[in-house]
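The values are calculated or read from the model by the stated rules, or taken from the named source; none is laboratory data. Since the model is a prediction, treat every value here as computed from it, not as a measurement. A quick note on method: Cβ atoms are made from the backbone with ideal geometry, for glycine too, and the neighbour counts reach across all protein chains shown. These area figures cover heavy atoms from the full protein model, side chains too; ligands, DNA and RNA do not enter into them. Shrake-Rupley method; radii C 1.70, N 1.55, O 1.52, S 1.80 Å.
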Amino acid sequence: MTGDMKVLNALDSAKTQWYHFTAIIIAGMGFFTDAYDLFCISLVTKLLGRIYYHVDGSSKPGSLPPNVSAAINGVAFCGTIAGQLFFGWIGDKIGRKKVYGVTLMIMSICSIASGLSFGREPKTVMATLCFFRFWLGFGIGGDYPLSATIMSEYANKKTRGAFIAAVFAMQGFGILGGGIFAIIISAVFQACFKVPAYQVDPLGSTVPQADYVWRIILMAGSLPAIVTYYWRMKMPETARYTALVAKNVKQATADMEKVMQVDIGTEQKEPVVKSGNEFGLFTKQFLRRHGLHLLGTASTWFLLDIAYYSQNLFQKDIFSAIGWIPAAKTMNAIEEVYKIARAQTLIALCSTVPGYWFTVFLIDRIGRFTIQVIGFTMMTVFMFALAIPYHHWTLPGHHIGFVVLYSLTFFFANFGPNATTFVVPAEIFPARLRSTCHGISAACGKLGAMVGAFGFLYLAQPQNKSKADAGYPAGIGVRNSLIVLGVVNLLGLFFTFLVPESKGKSLEEMSRENEDSAEEGAQVENHNRTVPV
(Lines give C-alpha, C1' and ligand atoms only; values in the text may rest on other atoms or scores of the structure.)
Protein backbone atom coordinates (compact mmCIF):
# COMPACT_ATOMS: atom_id res chain seq x y z
CA MET A 1 0.00 0.00 0.00
CA THR A 2 2.13 2.90 1.25
CA GLY A 3 5.38 1.62 -0.18
CA ASP A 4 3.93 2.20 -3.67
CA MET A 5 2.93 5.75 -2.94
CA LYS A 6 5.56 8.22 -4.01
CA VAL A 7 3.59 11.09 -2.46
CA LEU A 8 3.96 9.71 1.09
CA ASN A 9 7.62 8.95 0.59
CA ALA A 10 8.08 12.47 -0.78
CA LEU A 11 6.40 13.94 2.31
CA ASP A 12 8.56 11.85 4.65
CA SER A 13 11.81 12.84 2.98
CA ALA A 14 10.90 16.43 2.03
CA LYS A 15 13.33 19.15 3.07
CA THR A 16 11.93 21.80 5.40
CA GLN A 17 10.11 24.27 3.15
CA TRP A 18 8.03 27.39 3.37
CA TYR A 19 4.76 25.38 3.39
CA HIS A 20 5.87 23.71 6.66
CA PHE A 21 6.16 27.12 8.36
CA THR A 22 2.88 28.30 6.84
CA ALA A 23 1.15 25.22 8.27
CA ILE A 24 2.72 25.85 11.70
CA ILE A 25 1.46 29.45 11.72
CA ILE A 26 -2.06 28.57 10.47
CA ALA A 27 -2.49 25.70 12.94
CA GLY A 28 -0.56 27.52 15.67
CA MET A 29 -2.77 30.60 15.65
CA GLY A 30 -5.65 28.33 16.56
CA PHE A 31 -3.68 27.23 19.60
CA PHE A 32 -2.75 30.82 20.44
CA THR A 33 -6.50 31.53 20.53
CA ASP A 34 -7.22 28.33 22.49
CA ALA A 35 -4.79 29.22 25.27
CA TYR A 36 -5.83 32.88 25.37
CA ASP A 37 -9.51 31.93 25.69
CA LEU A 38 -9.02 29.12 28.23
CA PHE A 39 -6.67 30.97 30.57
CA CYS A 40 -7.86 34.60 30.36
CA ILE A 41 -10.85 33.68 32.53
CA SER A 42 -8.53 33.23 35.54
CA LEU A 43 -7.45 36.87 35.14
CA VAL A 44 -10.98 38.22 35.59
CA THR A 45 -12.76 35.86 38.04
CA LYS A 46 -11.87 38.02 41.05
CA LEU A 47 -13.13 41.11 39.21
CA LEU A 48 -16.43 39.35 38.43
CA GLY A 49 -16.80 38.59 42.14
CA ARG A 50 -16.29 42.26 43.08
CA ILE A 51 -18.75 43.55 40.46
CA TYR A 52 -21.60 41.06 40.83
CA TYR A 53 -21.27 39.62 44.34
CA HIS A 54 -20.47 42.62 46.52
CA VAL A 55 -21.78 42.28 50.10
CA ASP A 56 -22.43 45.56 51.95
CA GLY A 57 -20.49 45.79 55.18
CA SER A 58 -18.17 42.88 54.41
CA SER A 59 -14.50 43.26 55.34
CA LYS A 60 -13.50 41.38 52.14
CA PRO A 61 -14.38 42.28 48.54
CA GLY A 62 -17.12 40.25 46.88
CA SER A 63 -16.10 36.88 45.49
CA LEU A 64 -17.80 34.35 43.23
CA PRO A 65 -19.78 31.70 45.15
CA PRO A 66 -18.14 28.24 44.90
CA ASN A 67 -20.69 26.81 42.46
CA VAL A 68 -20.48 29.87 40.16
CA SER A 69 -16.67 29.90 40.26
CA ALA A 70 -16.55 26.18 39.47
CA ALA A 71 -19.01 26.64 36.60
CA ILE A 72 -17.14 29.57 35.03
CA ASN A 73 -13.75 27.88 35.34
CA GLY A 74 -14.93 24.44 34.27
CA VAL A 75 -17.69 24.92 31.70
CA ALA A 76 -15.22 25.58 28.88
CA PHE A 77 -13.52 22.26 29.70
CA CYS A 78 -16.87 20.45 29.38
CA GLY A 79 -17.25 21.98 25.92
CA THR A 80 -13.65 21.14 25.06
CA ILE A 81 -14.15 17.44 25.91
CA ALA A 82 -17.26 17.30 23.70
CA GLY A 83 -15.42 19.12 20.87
CA GLN A 84 -12.36 16.87 21.04
CA LEU A 85 -14.44 13.69 20.80
CA PHE A 86 -16.83 15.01 18.13
CA PHE A 87 -14.33 16.75 15.83
CA GLY A 88 -11.77 13.98 16.34
CA TRP A 89 -14.33 11.47 15.06
CA ILE A 90 -15.65 13.68 12.25
CA GLY A 91 -12.07 14.52 11.16
CA ASP A 92 -11.54 10.83 10.36
CA LYS A 93 -14.96 10.42 8.78
CA ILE A 94 -15.11 13.33 6.30
CA GLY A 95 -11.57 14.73 6.36
CA ARG A 96 -9.50 17.14 8.43
CA LYS A 97 -9.81 20.10 6.06
CA LYS A 98 -13.61 20.13 5.78
CA VAL A 99 -14.16 20.88 9.46
CA TYR A 100 -10.96 22.82 10.17
CA GLY A 101 -12.50 26.22 9.45
CA VAL A 102 -15.66 25.41 11.42
CA THR A 103 -13.75 25.14 14.72
CA LEU A 104 -12.19 28.56 14.16
CA MET A 105 -15.55 30.21 13.41
CA ILE A 106 -17.10 28.73 16.56
CA MET A 107 -14.17 30.07 18.60
CA SER A 108 -14.41 33.56 17.06
CA ILE A 109 -18.17 33.92 17.50
CA CYS A 110 -18.22 32.55 21.05
CA SER A 111 -15.25 34.69 22.17
CA ILE A 112 -17.20 37.80 21.20
CA ALA A 113 -20.44 36.46 22.68
CA SER A 114 -18.67 35.64 26.00
CA GLY A 115 -18.10 39.35 26.53
CA LEU A 116 -21.76 40.17 25.93
CA SER A 117 -24.48 39.35 28.41
CA PHE A 118 -28.22 39.51 28.82
CA GLY A 119 -29.41 41.81 31.59
CA ARG A 120 -27.47 43.14 34.58
CA GLU A 121 -28.42 40.61 37.24
CA PRO A 122 -25.59 38.31 38.42
CA LYS A 123 -27.53 35.16 37.49
CA THR A 124 -28.25 36.23 33.91
CA VAL A 125 -24.70 37.54 33.31
CA MET A 126 -23.09 34.35 34.68
CA ALA A 127 -25.54 32.06 32.84
CA THR A 128 -24.79 33.83 29.54
CA LEU A 129 -21.05 33.68 30.18
CA CYS A 130 -21.22 29.96 30.97
CA PHE A 131 -23.37 29.19 27.92
CA PHE A 132 -21.02 30.84 25.46
CA ARG A 133 -17.87 29.55 27.18
CA PHE A 134 -19.21 26.00 26.76
CA TRP A 135 -19.50 26.49 22.99
CA LEU A 136 -16.19 28.32 22.93
CA GLY A 137 -14.70 25.20 24.53
CA PHE A 138 -16.44 23.05 21.90
CA GLY A 139 -14.60 24.91 19.12
CA ILE A 140 -11.31 24.83 21.04
CA GLY A 141 -11.73 21.07 21.54
CA GLY A 142 -11.99 20.52 17.79
CA ASP A 143 -8.72 22.32 17.23
CA TYR A 144 -6.71 19.78 19.25
CA PRO A 145 -7.09 16.60 17.14
CA LEU A 146 -7.39 18.45 13.84
CA SER A 147 -4.31 20.69 14.24
CA ALA A 148 -2.13 17.87 15.58
CA THR A 149 -3.20 15.43 12.86
CA ILE A 150 -2.85 17.95 10.02
CA MET A 151 0.63 18.96 11.17
CA SER A 152 1.79 15.36 11.64
CA GLU A 153 0.51 14.42 8.17
CA TYR A 154 2.10 17.44 6.49
CA ALA A 155 5.51 17.09 8.16
CA ASN A 156 8.58 15.07 7.15
CA LYS A 157 9.70 12.29 9.49
CA LYS A 158 12.99 13.98 10.42
CA THR A 159 11.48 17.13 11.95
CA ARG A 160 7.86 16.04 12.53
CA GLY A 161 8.10 16.23 16.33
CA ALA A 162 9.43 19.79 16.20
CA PHE A 163 6.67 20.93 13.83
CA ILE A 164 3.83 19.46 15.92
CA ALA A 165 5.44 20.80 19.13
CA ALA A 166 5.79 24.25 17.49
CA VAL A 167 2.03 24.32 16.84
CA PHE A 168 1.40 23.47 20.48
CA ALA A 169 4.05 25.97 21.64
CA MET A 170 1.82 28.77 20.37
CA GLN A 171 -0.22 28.02 23.49
CA GLY A 172 2.57 29.65 25.50
CA PHE A 173 2.28 32.83 23.44
CA GLY A 174 -1.50 32.72 23.93
CA ILE A 175 -1.11 32.64 27.73
CA LEU A 176 1.51 35.40 27.49
CA GLY A 177 -0.68 37.44 25.12
CA GLY A 178 -3.65 37.19 27.49
CA GLY A 179 -1.57 38.42 30.42
CA ILE A 180 -0.01 41.32 28.49
CA PHE A 181 -3.38 42.41 27.07
CA ALA A 182 -4.95 42.32 30.55
CA ILE A 183 -2.06 44.42 31.92
CA ILE A 184 -2.56 47.04 29.18
CA ILE A 185 -6.35 47.22 29.55
CA SER A 186 -6.26 47.37 33.35
CA ALA A 187 -3.47 49.99 33.28
CA VAL A 188 -5.50 52.19 30.90
CA PHE A 189 -8.65 51.94 33.04
CA GLN A 190 -6.61 52.47 36.21
CA ALA A 191 -5.17 55.68 34.75
CA CYS A 192 -8.62 56.92 33.68
CA PHE A 193 -10.47 56.03 36.89
CA LYS A 194 -8.40 56.68 40.02
CA VAL A 195 -10.31 55.19 42.95
CA PRO A 196 -9.35 54.16 46.51
CA ALA A 197 -8.71 50.64 47.79
CA TYR A 198 -11.57 48.45 49.06
CA GLN A 199 -10.68 49.00 52.75
CA VAL A 200 -10.97 52.78 52.27
CA ASP A 201 -14.17 52.84 50.22
CA PRO A 202 -15.77 49.40 49.63
CA LEU A 203 -18.37 50.64 47.16
CA GLY A 204 -16.23 53.24 45.40
CA SER A 205 -13.30 50.85 44.85
CA THR A 206 -15.19 49.16 41.98
CA VAL A 207 -16.11 51.77 39.35
CA PRO A 208 -19.04 50.95 37.01
CA GLN A 209 -16.59 51.04 34.07
CA ALA A 210 -14.76 48.00 35.55
CA ASP A 211 -17.52 45.95 33.90
CA TYR A 212 -15.96 46.79 30.52
CA VAL A 213 -12.55 45.44 31.56
CA TRP A 214 -13.46 41.75 31.72
CA ARG A 215 -15.64 42.01 28.62
CA ILE A 216 -12.85 43.53 26.51
CA ILE A 217 -10.31 40.96 27.75
CA LEU A 218 -12.60 38.03 26.84
CA MET A 219 -13.69 39.43 23.47
CA ALA A 220 -10.15 40.12 22.26
CA GLY A 221 -9.65 36.34 22.01
CA SER A 222 -11.56 36.33 18.71
CA LEU A 223 -9.01 38.47 16.82
CA PRO A 224 -6.24 35.92 16.08
CA ALA A 225 -8.85 33.34 15.03
CA ILE A 226 -10.53 35.75 12.58
CA VAL A 227 -7.16 36.75 11.08
CA THR A 228 -6.18 33.15 10.17
CA TYR A 229 -9.60 31.91 8.98
CA TYR A 230 -8.96 32.68 5.28
CA TRP A 231 -5.62 30.84 5.25
CA ARG A 232 -7.07 27.84 7.02
CA MET A 233 -9.75 27.51 4.34
CA LYS A 234 -7.11 27.59 1.59
CA MET A 235 -5.11 24.61 2.96
CA PRO A 236 -5.59 21.42 0.91
CA GLU A 237 -6.59 18.15 2.57
CA THR A 238 -3.60 16.20 3.90
CA ALA A 239 -2.10 13.71 1.43
CA ARG A 240 -2.27 10.89 3.96
CA TYR A 241 -6.01 11.30 4.46
CA THR A 242 -6.69 11.62 0.73
CA ALA A 243 -4.49 8.62 -0.17
CA LEU A 244 -5.01 6.24 2.76
CA VAL A 245 -8.58 6.99 3.85
CA ALA A 246 -10.29 8.60 0.83
CA LYS A 247 -8.31 6.23 -1.49
CA ASN A 248 -7.50 8.95 -4.04
CA VAL A 249 -3.75 8.83 -4.63
CA LYS A 250 -3.88 11.03 -7.75
CA GLN A 251 -5.61 13.84 -5.84
CA ALA A 252 -3.17 13.50 -2.94
CA THR A 253 -0.22 13.73 -5.33
CA ALA A 254 -1.69 16.76 -7.14
CA ASP A 255 -2.35 18.56 -3.82
CA MET A 256 1.15 17.96 -2.49
CA GLU A 257 2.84 18.87 -5.81
CA LYS A 258 1.06 22.21 -5.57
CA VAL A 259 2.01 22.72 -1.89
CA MET A 260 5.61 21.47 -2.12
CA GLN A 261 6.16 22.96 -5.61
CA VAL A 262 7.80 19.78 -6.89
CA ASP A 263 6.94 17.13 -9.46
CA ILE A 264 6.32 13.94 -7.50
CA GLY A 265 4.92 12.00 -10.44
CA THR A 266 2.23 9.33 -10.21
CA GLU A 267 2.64 5.63 -10.80
CA GLN A 268 1.57 4.35 -14.22
CA LYS A 269 -0.61 1.83 -12.48
CA GLU A 270 -2.86 3.16 -9.74
CA PRO A 271 -1.74 1.52 -6.47
CA VAL A 272 -4.13 -0.76 -4.69
CA VAL A 273 -5.03 1.03 -1.46
CA LYS A 274 -7.58 -1.39 -0.14
CA SER A 275 -6.41 -3.35 2.86
CA GLY A 276 -8.05 -6.35 4.45
CA ASN A 277 -6.78 -5.15 7.81
CA GLU A 278 -8.82 -1.95 8.04
CA PHE A 279 -10.04 -2.65 11.55
CA GLY A 280 -12.13 -0.17 13.48
CA LEU A 281 -11.65 1.39 16.91
CA PHE A 282 -13.82 -1.12 18.79
CA THR A 283 -12.19 -4.31 17.50
CA LYS A 284 -9.91 -6.95 18.98
CA GLN A 285 -7.24 -6.09 16.41
CA PHE A 286 -7.14 -2.45 17.51
CA LEU A 287 -7.06 -3.53 21.15
CA ARG A 288 -4.19 -5.93 20.45
CA ARG A 289 -2.13 -3.47 18.41
CA HIS A 290 -2.90 -0.09 19.93
CA GLY A 291 -4.90 -0.69 23.13
CA LEU A 292 -1.96 -0.13 25.48
CA HIS A 293 -0.79 2.83 23.38
CA LEU A 294 -4.19 4.50 23.73
CA LEU A 295 -4.21 3.78 27.46
CA GLY A 296 -0.72 5.31 27.71
CA THR A 297 -1.52 8.50 25.76
CA ALA A 298 -4.89 8.99 27.52
CA SER A 299 -3.68 8.31 31.09
CA THR A 300 -0.51 10.45 30.87
CA TRP A 301 -2.50 13.36 29.42
CA PHE A 302 -5.16 12.93 32.12
CA LEU A 303 -2.60 12.97 34.96
CA LEU A 304 -0.56 15.81 33.47
CA ASP A 305 -3.59 18.08 33.09
CA ILE A 306 -4.71 17.56 36.70
CA ALA A 307 -1.43 19.14 37.80
CA TYR A 308 -1.00 21.60 34.94
CA TYR A 309 -4.44 23.22 34.94
CA SER A 310 -4.80 23.36 38.71
CA GLN A 311 -1.48 25.24 38.76
CA ASN A 312 -2.38 27.54 35.89
CA LEU A 313 -5.95 28.45 36.80
CA PHE A 314 -5.20 29.03 40.47
CA GLN A 315 -1.87 30.81 40.29
CA LYS A 316 -3.61 33.86 41.70
CA ASP A 317 -4.72 31.90 44.79
CA ILE A 318 -1.26 30.43 45.35
CA PHE A 319 0.40 33.84 44.89
CA SER A 320 -2.08 35.38 47.32
CA ALA A 321 -1.46 32.60 49.86
CA ILE A 322 2.30 33.26 49.90
CA GLY A 323 1.80 37.04 49.88
CA TRP A 324 3.13 37.70 46.36
CA ILE A 325 -0.15 39.38 45.44
CA PRO A 326 -1.32 41.83 48.16
CA ALA A 327 -4.50 41.20 50.15
CA ALA A 328 -7.59 41.95 48.03
CA LYS A 329 -8.92 44.61 50.43
CA THR A 330 -5.74 46.72 49.98
CA MET A 331 -6.49 47.19 46.24
CA ASN A 332 -9.30 48.51 44.11
CA ALA A 333 -10.97 46.20 41.57
CA ILE A 334 -8.98 47.18 38.46
CA GLU A 335 -5.69 47.26 40.36
CA GLU A 336 -6.29 43.63 41.40
CA VAL A 337 -6.69 42.57 37.74
CA TYR A 338 -3.41 44.37 36.96
CA LYS A 339 -1.51 42.64 39.80
CA ILE A 340 -2.84 39.15 38.94
CA ALA A 341 -2.09 39.63 35.23
CA ARG A 342 1.42 40.87 36.00
CA ALA A 343 2.19 37.81 38.15
CA GLN A 344 0.85 35.34 35.57
CA THR A 345 2.66 37.08 32.69
CA LEU A 346 5.96 36.89 34.56
CA ILE A 347 5.52 33.12 35.06
CA ALA A 348 4.58 32.66 31.38
CA LEU A 349 7.55 34.73 30.17
CA CYS A 350 10.16 33.10 32.40
CA SER A 351 9.07 29.47 32.39
CA THR A 352 6.02 28.53 30.29
CA VAL A 353 7.17 29.90 26.91
CA PRO A 354 10.85 28.80 27.21
CA GLY A 355 9.70 25.30 28.23
CA TYR A 356 7.64 24.88 25.05
CA TRP A 357 10.51 25.98 22.80
CA PHE A 358 13.06 23.75 24.54
CA THR A 359 10.78 20.88 23.50
CA VAL A 360 10.59 22.16 19.90
CA PHE A 361 14.39 22.27 19.58
CA LEU A 362 15.14 18.97 21.34
CA ILE A 363 12.22 16.62 20.61
CA ASP A 364 13.70 15.21 17.39
CA ARG A 365 17.13 14.93 18.96
CA ILE A 366 16.46 13.19 22.27
CA GLY A 367 12.99 11.78 21.55
CA ARG A 368 9.49 12.09 22.97
CA PHE A 369 9.86 9.37 25.62
CA THR A 370 12.99 10.92 27.19
CA ILE A 371 11.45 14.41 27.34
CA GLN A 372 8.27 13.07 28.95
CA VAL A 373 10.21 11.08 31.57
CA ILE A 374 12.42 14.10 32.40
CA GLY A 375 9.35 16.37 32.62
CA PHE A 376 7.28 14.19 34.94
CA THR A 377 10.32 13.44 37.13
CA MET A 378 11.27 17.09 37.59
CA MET A 379 7.65 18.18 38.14
CA THR A 380 7.39 15.59 40.92
CA VAL A 381 10.65 16.76 42.53
CA PHE A 382 9.72 20.46 42.43
CA MET A 383 6.16 19.88 43.62
CA PHE A 384 7.45 18.07 46.72
CA ALA A 385 10.11 20.77 47.17
CA LEU A 386 7.30 23.33 47.33
CA ALA A 387 4.98 21.24 49.51
CA ILE A 388 7.14 19.69 52.21
CA PRO A 389 8.73 22.93 53.55
CA TYR A 390 5.59 24.95 52.61
CA HIS A 391 5.56 26.96 55.86
CA HIS A 392 9.12 28.13 55.11
CA TRP A 393 8.00 29.60 51.75
CA THR A 394 5.18 31.64 53.35
CA LEU A 395 7.57 33.54 55.63
CA PRO A 396 8.60 37.07 54.60
CA GLY A 397 11.69 37.13 52.40
CA HIS A 398 11.23 33.58 51.07
CA HIS A 399 8.62 34.33 48.39
CA ILE A 400 11.15 34.62 45.59
CA GLY A 401 12.40 31.07 46.25
CA PHE A 402 8.83 29.76 46.09
CA VAL A 403 8.14 31.57 42.80
CA VAL A 404 11.40 30.24 41.27
CA LEU A 405 10.53 26.61 42.16
CA TYR A 406 6.93 27.14 41.06
CA SER A 407 8.19 28.51 37.72
CA LEU A 408 10.43 25.47 37.28
CA THR A 409 7.45 23.12 37.59
CA PHE A 410 5.87 25.03 34.68
CA PHE A 411 9.11 24.90 32.70
CA PHE A 412 9.33 21.11 33.04
CA ALA A 413 5.61 20.67 32.33
CA ASN A 414 6.15 22.35 28.98
CA PHE A 415 9.62 20.92 28.36
CA GLY A 416 7.98 17.62 29.15
CA PRO A 417 4.55 15.98 29.15
CA ASN A 418 2.44 19.01 28.30
CA ALA A 419 4.05 19.04 24.83
CA THR A 420 4.73 15.33 24.31
CA THR A 421 1.21 14.20 25.27
CA PHE A 422 -0.01 16.40 22.39
CA VAL A 423 2.61 15.20 19.87
CA VAL A 424 2.62 11.41 20.33
CA PRO A 425 -1.11 10.58 19.73
CA ALA A 426 -0.82 12.30 16.33
CA GLU A 427 1.98 9.90 15.31
CA ILE A 428 1.32 6.35 16.53
CA PHE A 429 -2.22 5.51 15.32
CA PRO A 430 -3.43 4.55 11.79
CA ALA A 431 -4.51 7.40 9.47
CA ARG A 432 -8.16 6.34 9.50
CA LEU A 433 -8.26 6.50 13.33
CA ARG A 434 -5.57 9.11 14.01
CA SER A 435 -7.82 12.09 14.62
CA THR A 436 -10.28 10.02 16.70
CA CYS A 437 -7.54 8.56 18.95
CA HIS A 438 -5.97 12.00 19.40
CA GLY A 439 -9.41 13.36 20.32
CA ILE A 440 -9.93 10.57 22.91
CA SER A 441 -6.48 11.19 24.44
CA ALA A 442 -7.05 14.97 24.51
CA ALA A 443 -10.53 14.54 26.04
CA CYS A 444 -9.01 12.45 28.85
CA GLY A 445 -6.59 15.35 29.33
CA LYS A 446 -9.42 17.84 29.69
CA LEU A 447 -11.15 15.48 32.08
CA GLY A 448 -7.97 15.76 34.16
CA ALA A 449 -8.12 19.53 33.75
CA MET A 450 -11.64 19.51 35.23
CA VAL A 451 -10.49 17.36 38.14
CA GLY A 452 -7.64 19.82 38.67
CA ALA A 453 -9.81 22.91 38.28
CA PHE A 454 -12.67 21.79 40.53
CA GLY A 455 -10.61 19.69 42.92
CA PHE A 456 -7.94 22.29 43.62
CA LEU A 457 -10.59 24.98 44.13
CA TYR A 458 -11.91 23.05 47.14
CA LEU A 459 -8.80 21.19 48.29
CA ALA A 460 -6.64 24.32 48.58
CA GLN A 461 -9.02 25.97 51.07
CA PRO A 462 -7.56 26.27 54.60
CA GLN A 463 -8.25 23.42 57.02
CA ASN A 464 -9.76 25.93 59.43
CA LYS A 465 -13.33 26.56 58.19
CA SER A 466 -13.33 30.15 59.51
CA LYS A 467 -10.38 31.03 57.24
CA ALA A 468 -11.88 29.49 54.08
CA ASP A 469 -13.31 31.73 51.34
CA ALA A 470 -16.98 32.62 51.65
CA GLY A 471 -19.23 29.66 50.85
CA TYR A 472 -16.44 27.09 50.72
CA PRO A 473 -16.06 24.14 53.09
CA ALA A 474 -12.72 23.57 54.83
CA GLY A 475 -10.13 21.98 52.52
CA ILE A 476 -6.79 20.30 53.09
CA GLY A 477 -4.78 23.50 52.56
CA VAL A 478 -2.36 24.54 49.83
CA ARG A 479 0.50 22.43 51.26
CA ASN A 480 -1.40 19.14 51.19
CA SER A 481 -2.87 19.99 47.77
CA LEU A 482 0.67 20.40 46.41
CA ILE A 483 1.60 16.98 47.86
CA VAL A 484 -1.39 15.44 46.03
CA LEU A 485 -0.20 17.06 42.77
CA GLY A 486 3.29 15.62 43.38
CA VAL A 487 1.83 12.10 43.65
CA VAL A 488 -0.21 12.69 40.46
CA ASN A 489 3.00 13.61 38.58
CA LEU A 490 4.67 10.45 39.88
CA LEU A 491 1.80 8.33 38.48
CA GLY A 492 2.22 10.12 35.14
CA LEU A 493 5.85 9.00 35.08
CA PHE A 494 4.84 5.33 35.50
CA PHE A 495 2.21 5.44 32.73
CA THR A 496 4.74 7.01 30.32
CA PHE A 497 6.27 3.53 29.91
CA LEU A 498 3.18 2.44 27.92
CA VAL A 499 3.89 4.98 25.17
CA PRO A 500 6.22 4.00 22.25
CA GLU A 501 9.02 6.22 20.88
CA SER A 502 8.20 7.63 17.43
CA LYS A 503 11.35 9.67 16.76
CA GLY A 504 12.65 9.33 13.19
CA LYS A 505 9.98 6.85 12.07
CA SER A 506 7.34 7.42 9.39
CA LEU A 507 3.69 7.56 10.45
CA GLU A 508 2.98 4.35 8.52
CA GLU A 509 5.85 2.58 10.29
CA MET A 510 4.51 3.65 13.71
CA SER A 511 0.91 2.64 12.96
CA ARG A 512 2.12 -0.52 11.12
CA GLU A 513 -0.06 0.35 8.11
CA ASN A 514 2.80 -0.66 5.80
CA GLU A 515 2.79 -4.11 7.45
CA ASP A 516 -0.85 -4.44 6.52
CA SER A 517 -0.03 -3.88 2.87
CA ALA A 518 2.95 -6.24 2.97
CA GLU A 519 0.79 -8.98 4.49
CA GLU A 520 -1.93 -8.33 1.94
CA GLY A 521 0.59 -8.39 -0.92
CA ALA A 522 1.95 -11.73 0.28
CA GLN A 523 -1.57 -13.15 0.54
CA VAL A 524 -2.41 -12.01 -3.01
CA GLU A 525 0.85 -13.51 -4.35
CA ASN A 526 0.22 -16.85 -2.58
CA HIS A 527 -3.33 -16.89 -3.89
CA ASN A 528 -2.10 -16.31 -7.47
CA ARG A 529 0.36 -19.20 -7.13
CA THR A 530 -2.28 -21.63 -5.94
CA VAL A 531 -4.93 -20.73 -8.52
CA PRO A 532 -4.67 -23.18 -11.48
CA VAL A 533 -4.24 -21.57 -14.90
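Taking every protein chain into account, the accessible area of the chain amounts to 39 square angstrom per residue (probe 1.4 Å).
Calculation over all alpha carbon pairs of region 201-259 in 10 angstrom steps from 0 returns a P(r) of 18, 23, 17, 14, 12, 9, 6, 0 percent. Each 10 Å bin from zero up to the one holding the largest Cα-Cα distance in region 4-55 carries the following percent of pairs: 19, 23, 20, 15, 11, 8, 3, 0. Counting only residues at least eight positions apart within a chain, or on another chain, the lysines with an alpha carbon under 22 Å from that of Lys284 are Lys93, Lys274.
Remark: the Lys98-Lys465 segment gains 126.8 nm on full extension, using 0.36 nm per residue and subtracting the alpha carbon distance.
Kirkwood analysis of the chain, using all unique Cα-Cα pairs, places the hydrodynamic radius at 24.1 Å. If you wrap the Cα atoms of region 349-447 in a convex hull and average its projected area over all directions, you get 7.5 nm². Taking label points 7 Å from Cα along the Cα-to-Cβ direction, Phe282 and His399 give a separation of 5.5 nm.
Once both labels are positioned 7 Å from their Cα atoms along Cα-to-Cβ, the gap between Asp263 and Asp56 label points is 8.4 nm. Shape analysis of region 59-107 based on the Cα gyration tensor places the equivalent ellipsoid semi-axes at 35, 11, 4 Å, largest first.
Legend: distances between Cα atoms for Lys329/Lys467; Lys15/Lys158; Lys6/Lys97; Lys46/Lys339; Lys46/Lys123; pairs beyond 19 Å are Lys6/Lys97. Using a probe of 1.4 Å on the protein chains alone, the accessible area found for Lys329 is around 90 Å². The slack in the chain from Lys505 to Val487, taken as 0.36 nm per residue of separation less the alpha-carbon distance, amounts to 3.2 nm. Remark on region 1-151: hydrodynamic radius 17.5 angstrom, per the Kirkwood mean of 1/r across alpha carbon pairs. The label-point distance for Ala127 and Tyr230, in a model that sets each label 7 Å from Cα toward Cβ, rounds to 4.0 nm.
In whole angstrom, region 124-262 maps to an equivalent ellipsoid with semi-axes of 45, 16, 12, each derived as √(5λ) from the alpha carbon gyration tensor and ordered largest first. In region 417-497, Rg over Rh equals 1.15, where Rg is the alpha-carbon radius of gyration and Rh the Kirkwood radius from pairwise Cα distances. Note on exposure: Arg434, Arg120 ranked by accessible area (1.4 Å probe, complete protein assembly) read Arg120, Arg434, with the most exposed listed first.
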